[in-house]
Every structure is written in structure tokens, then in C-alpha cells.
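Input: a single structure, listed below in C-alpha cells.
Here, each number is a calculation from the coordinates, and none is a lab measurement. These figures come from a predicted structure and were not determined experimentally. Cβ atoms come from the backbone with ideal geometry, glycine included; neighbour counts cover every protein chain shown.
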Amino acid sequence: MADPGIDPWGLAAVEQNRHWLTAFLLAATGDRAAAEDLVQDVFRIAYEKRDTFVPGTNFGGWLRVIAQNCLKRHFESTRRKPLLVGDAMRALETAAAQAEVRLLDPAWSSARLEALRDCLGEVSRRAREILRLRFGDGRSAEQVAASFGMTVGAVNVTVHRARRAIAECVRRKVKYGTTG
Amino acid sequence: MERPDDADLDLIWRHVSGGREPGDEEALARLLARHPGRAADLFALAEERLALERILREPGPVRVARRRSSPPSARYGPRVAVAAAALLLAALLAWYRGAAPGRGSGSGRPPGDLPVAVEDASSPAADPMGAAAEPYPRPVTLAPHQVSPRAAREEAHAAEGLVQHVRSEIPAPAAAARDLELSQPAPSDQDAHVPASTDSTGARASRSPAFSTSPARAPTTDVVAVLAACQGDVFILSDGARTRARAGDRLLTGQGVETGDAPARVDVAFQDEMRVVLGASTRIQDRARSGETVRTLDVRYGMVQAEISPRVSGHPLLINTPQGEARILGTVLRLVVDPEPDGLLQLMVLTGKVRLARKSDGRWVDVHAGQYAEVHPGPDALRSRRVATVSFQDGVAPTARYEGTRDTTLAEYREGARRNFGAGSSVWADGDTADMNQPGLDKSALVRWDLSAVPRNAKVVWAEIDVSVVNDCGGRPFGIYAMRRAWDEMQATWLSPQAGAVWEKPGAQGETDRASFLLGALAPATTGPCGTFLTRAGLDAVQAWISNPATNHGLILADSENGDALGFKSREAAPPCERPRLTVSFIAR
């Protein structure tokens, strides 16, 4: 649901909804670039169809319907089989709706980011640098492996271990849902 | 709710982090069919990845965890902590007044000087790159309140014209390259004034005051270099910020240059003294020091090839790395630098002479033309050795009888997929254009050299590839990958490496067909000669080819998304000097 004090077509609303929407589409596609493209599509379509939105109703739910239509077209065009169907898609929708509500609480968001910042400092420098190149700079595992003279498998293992350590650390610091 | 086990979470993480492995998609589908509720974990980890991205893109250093032991105040009581703090403060004040002349009475900077933050180039704290704290590249982005370095440079240029004399401008890139032609090495008697002795390893080594510190000079904002050519991700580093650089950008005193992963590369033409080519994942920093008599260039890590003209003044150029320092009066050299102080520094001198000193103990060694030296913490670490360089080019080198090159093109287009191009006078790499109505135009170039002339126990320290380009790709790079599978020059096609066999994936795109990491890249913007030196991964690959010739399946140039075709002369082309050439430098082990 959108904050009633926010213009649903304003930049603030876009930014507020972008995070959970991107996570929703990333979870469904497993493709970061595709998720980004689909987010753009969702906002573009939402804006084009803004006359069909009934003010006061669930804006986030409306975006999720558009997102699901975009996903359907995405899988048709790429000829990939959708990973999430039926109950799994409903569970994903529920998770996205819960995240949407959580993200309305700036204190929760900032506490989690703060914990993440702290926990990132607890992994080794090398792991941190690999994470930075991989996710901060958006480089592929192959590119990271090349720059560190490692194998792709070793990069992925390092990322896995770092992620587990960070997730464990964040869980210690804040209530963090069901992640790792 | 049932908690997922680590294997499930790893599977989910691979899905959202782009690290899927074969079979993951089916495994994930099975997991979700069995436990639809795991979709919530899928969302949570996707969200986690996005949060990580956000944190990792923030400017400024990551907060590194402190030791988890309780603080002194908790362990020893408040009074002890206060006393320790007072002692520390007193010691700092004493150092500030006594050990740093000129600091006690103000800033120590003439009133007319530019307000540049660097005060003591020899202290880690003054190091604008913060090497002591973080040897790896930092994710530096501009915060909204920061002035962009480009704007700062423009302001600096304006200030130059108003408040200080303008030094002669760097010539345009082409002229800079011409002006920086390799010059003769420094006179051979330069080491006569430095005491030398022979150490237990037989090397000429001595103690040297190479690391004595001298009062630093606040750097000015002079233009010191121009980026003559850029390829891939190249950044100019300035006061903790980094901006994407392009060919023609200028480098001011105190600024640095950083390259991203392969195929990144930049050619930096310094004013009147040197030309430096940075390979992928490399960082250098210009550093003003000791008046104007010594210029210091920090090479933090990576691969560097430098051509340094003899210093007109006779004052050396210092190349400073985490492990050691090289004093140069005029030379052509190559450096491979690990980021850690206890890592490996490799130096190869092509012309002239370099004095290489180890930071940990101040020992030094003179490395002459054609020699190689390493710095690392182990014994036998500082010794110059003869380096051998051998080129492999059909009809030219190592001898005119050499015919060990094999090359061909794999072409995807319908009638070509089953056709062999081994006898062609050129080889090609190409990708699909953006026009999705015309897919299937990929081409990949296969090249292999017989390296059996190099002794199997040789240690490879440098490798370069040179080709003669007949069709340039507009500066857009084609990656170079090691082949993992044997292929026959006169039989290989898009579908098959040799008669009776097929590639794992057409075009040798499978994991068993070729390695997935880059050995380097070729990105010619013009036709004619074009060369590149290989990355560390490339050196490892060449090393493997030499140590175990059975693994030498050559390399492939490919990029399925680069629609600007690259064509270069093959081993069948004339004249022979335009055929593909691999040059390997090695030392005996």
C-alpha cells in the first residue's frame, strides 16, 4: 500500500516502491538486468494507465499486477519457463507486500542498512572487495575471477561464504525476516 | 515456518545473485514445487542482494570491524583509560611540535599556496589514496555535495592562469606519443657513486638511504600527463573521488589513474619524462615530493609498462610500490605489482638501468637492461637475473624457419557454420549487431603458437600479442580466452573442432571448449599494427602452455555482443612480419 501522503505518480512514490518491486522481479527472473528493465516497464505502464487506478486502493497491489503481466511477457519473449507459478508466486507476492509495508518504516530501513554496513566490515578485506566488484560495480563472476586470478568457482564460494557471514551477523543485530 | 537448510539458501542465493550453475534452475523449480513458501526466501535474498549493492556503492570506506575484545575502559577501569588517553595525547603533541618542523607555528604553507590537503607525502596519512588502510580499490562515487573532479580540474586550470605561471602544456596525444619516443638509456657509470657489495646470493646489494624522508611540498595543480588512449573502464582519481576518464583527459599533479577489469587499458603520456601503459586492474598515483627535483609515481597494484626518457636534470624518477621502490634515470621497464606489501613485485628492465630497493629492509639491487628482479619477503628475493625474450611469428621468429602458428576463423552464419577458413589470409572476430533481425553473425578467431622453443622450466614474466589489423573494431574490445580443447586449423568450423568431433557449444563457447576468464583483449581503433600485453591470467596460461605443451590449445578472440568486426592478418599473409606474433619473456628457474 502506498503512503497516503505521497503522490502515487511522484518521484518519491517511485523510489519508495522501486526497491521491493526490483526484488520481486529479481526473485522471479534471477536476472538483475532483466529485473531493472522490467521495473522500468512497470512504472511506464503504470503511468500510462494511471487513469485506471482508483485512488485510495492498494497501489502496491496494483503495481504487482502490472509486474506479473510484464513478467508473463518477459518469459514469453525469452521462451523461458516461469520459475514461480501457483502457490510459489502467491508466496512471493505476499513477501513483496510485507516488504512494501516494512519499507514504509524509515527506522526499520535505516536500522537494517546500518547493520549491513557494520557486518560488511566483519568479512575479510578480500571478500569485501570481491563483493564490491561483484555487486557494487555489477561485474560478472568471470570478470572478478580474472582480476583476482581466481577461478569462477572460487569467486562464487567466497561470495557465498561472505553472504552467509553477513546474513548471520545482520540476524544478530536486527530482526531480519527469514534470510539466511 | 520450517527453516530452509543452507543448501537451499545457497541454491536460492545463486539464483538471485547471477551465479547459477548447471541444473540449478531445475533444482530450484523442484524446491519451489515441494515448498512454495520458499518463494519468501527468494524474495528476501533478492532484497538482500539489492541492499548489498546499495551499501557497496556508497562512497567512503567500509567500517572495518574492530577486535571484539572489550574496550580498555571496561577491562582496566576508567582511570587507566583516561591515563592512557592522556599519555597518547601528550605523545602526539610532542611529535607534532618536535618531529614535524614548521607545523607548530601554523600550517607551514606559504600564504599564497593553493589549499591542497596533502602535507607530507611520505606519511600514510597524507596519502590521498589511503593505501595504508585499504590496498584494494575503493568504491568511490561522488556524493551530491561534492564538487566533481572534472569541475575541480576546470577550476584548477582557471586558477593556473591567474595565480601562477603556466607550465608548458602537454602536447596532443599523437604528438605526445611521438615526443616520448624511446630514448637512449642513462650513462653506464651511474652506479659508481653508490656503494655496493656482494651478498650471499651473489647479487650486488647494499644498504641504501633510499627511503629517507624529506620535507614534502604541497603539490600544485600542474598538468602532468594526458591520457593518450583509453580502453574499457578507466578512471581518474582525485581527492578520494573517481571520475570516468576518456582519451585526451589531463592528469593533474597528485591525481591517480585506475583501470577496471580486462579489457581495460590506458596509455598515459607524462610531461617530458615518460609514457606509461597500464594494464587491467591497475592503479597508479602521481605524487609531488621533495621540491621539484624528484617525481614519485606510486604503482599500487597491477601491470605497468613504462618508457622513461633520460631525466634532463639528472634527478631520478621514483616508482614506489607496496614492496619496494625503483629509482630510474631513463629506461623502459615493466612492472607487475601485488597490492599487499608482502606480495610480489616483479620488475623487468628492457633498456637502461633501475635501482630496485626493498622496503622491508632497505636492501637494493641494480637491474640492468635485459634483467629481471623480484621483491618478496622470502630469501633469495632481491637478485637480478637475466631475462630472455623470444617471439613466435611464422617465417620471422624465433627463426625464419618457424612455422608453428595455427589460426582460423569460426563463422556462425548458415552456410559458413560447416565451413573451414584455415587457409584464409586473415582471421576474424565479430558479434551480432544490435539489429535483432539479423542474428547469427558471430565469428571467433582461433590462434595457437608452438612454444616448444622455450624451456619447460622457464618462468614466464611477460607476454604480448601483436597482430596486423585489416579491419578495426572501432576501439571496442574483443576478449582473449584460453582454449581448453584441441582443434585442427584445416578442419575446425563453427560446429566442430576437428573431423568427427563437435564443440560442447557451437563456436567453442562451452566451458570445456574455452576458459571463461580473460587473458587480455584487442581493441584496435585503426588498421595496422596492434598489440596488447596479457593479464596475469594470461601469463599463467602461457606458463601452462610451456610447462605442459599438451595443454597448449592456443587462444580464441571473441565477443558475441561486439558488432564491430575485427580482422587481422593470418599466418598465411604476406609479408611475414605482419603475421600474428606472440612474444614471451621468461627467466630460468
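Charge dipole (Cα centre; +1 on Lys/Arg Cβ, -1 on Asp/Glu Cβ; no other charges) of the range A:107-173 amounts to roughly 180 debye. Below 14 angstrom from the Cβ of A:ILE45, what's the summed charge of the other residues (Lys, Arg +1; Asp, Glu -1)? With Lys, Arg at +1 and Asp, Glu at -1, the neighbours total +2. A simple rule links phi to the HN-Hα coupling: the Karplus curve 6.51 cos²θ - 1.76 cosθ + 1.60 with θ = phi - 60°, which for the range B:361-374 gives 9, x, 5, 9, 8, 8, 10, 8, 3, x, 10, 10, 8, 10 Hz, with x for Gly and Pro.
Sort B:CYS530, B:CYS473 by Cβ crowding within 10 Å, fewest neighbours at the top. Walk me through the numbers on the way to the answer.
On the way: B:CYS530 19, B:CYS473 23.
Lowest count first: B:CYS530, B:CYS473.
Which FRET efficiency value, to the nearest 0.05, is calculated for B:ARG385 and B:ASP6 with the Förster distance at 35 angstrom and r the Cβ-Cβ distance? Taking R0 as 35 Å, the efficiency between B:ARG385 and B:ASP6 is 0.10.
Taking neighbour Cβ counts within 10 Å as the exposure measure, how do B:ARG363, A:ARG132, B:ARG484 sort from fewest upward?
Working: B:ARG363 20, A:ARG132 23, B:ARG484 17.
Going from least to most buried by this count: B:ARG484, B:ARG363, A:ARG132.
Remark: the range B:485-500, residue by residue, has Karplus-estimated 3J(HN,Hα) of 9, 5, 9, 10, 4, 9, 10, 5, 9, 4, 9, 9, x, 6, 3, x Hz, where x stands for each Gly or Pro and the curve is 6.51 cos²θ - 1.76 cosθ + 1.60 at θ = phi - 60°. Report the Cα centroid-to-centroid distance between the range B:319-373 and the range A:23-72 in angstrom, as an integer. Distance between centres, Cα-based: 57 Å.
Excluding same-chain neighbours fewer than eight residues apart, the lysines reachable from B:LYS359 by a Cα-Cα span under 30 Å are B:LYS459.
Other residues with beta-carbon under 10 Å from the beta-carbon of B:ARG476 carry, at +1 per Lys or Arg and -1 per Asp or Glu, a net charge of -4. Restriction of the GluC sites (Glu not before Pro) in the range B:436-517 to DSSP coil positions whose beta-carbon has at most 14 other beta-carbons within 10 angstrom yields B:GLU504, B:GLU511. Across the range A:11-104, C-alpha contacts under 8 Å between residues 6 or more apart give a mean separation that, scaled by the residue count, equals a relative contact order of 39 percent.
What ranking do A:THR29, A:THR57 get, fewest neighbouring Cβ atoms within 10 angstrom at the top?
On the way: A:THR29 24, A:THR57 10.
Fewest-to-most ranking of A:THR29, A:THR57: A:THR57, A:THR29.
Once backbone amide H atoms are built at 1.01 Å from N, B:ASP394 has B:THR405 as its partners under 5 Å, excluding neighbours fewer than 5 places away on the same chain. The lysines within cross-link reach of B:LYS505, meaning a Cα-to-Cα straight distance under 30 Å and a gap of 8 or more places when in the same chain, are A:LYS72, A:LYS81, B:LYS443, B:LYS569. Full extension of the chain between A:TYR47 and A:ASP87 gives 11.5 nm of extra length, using 0.36 nm per residue less the Cα-Cα distance.
Placing a label point 7 Å from the Cα of B:GLU561 along the Cα-to-Cβ line, the residues of the range B:250-286 whose backbone N sits under 13 Å from it are B:263.
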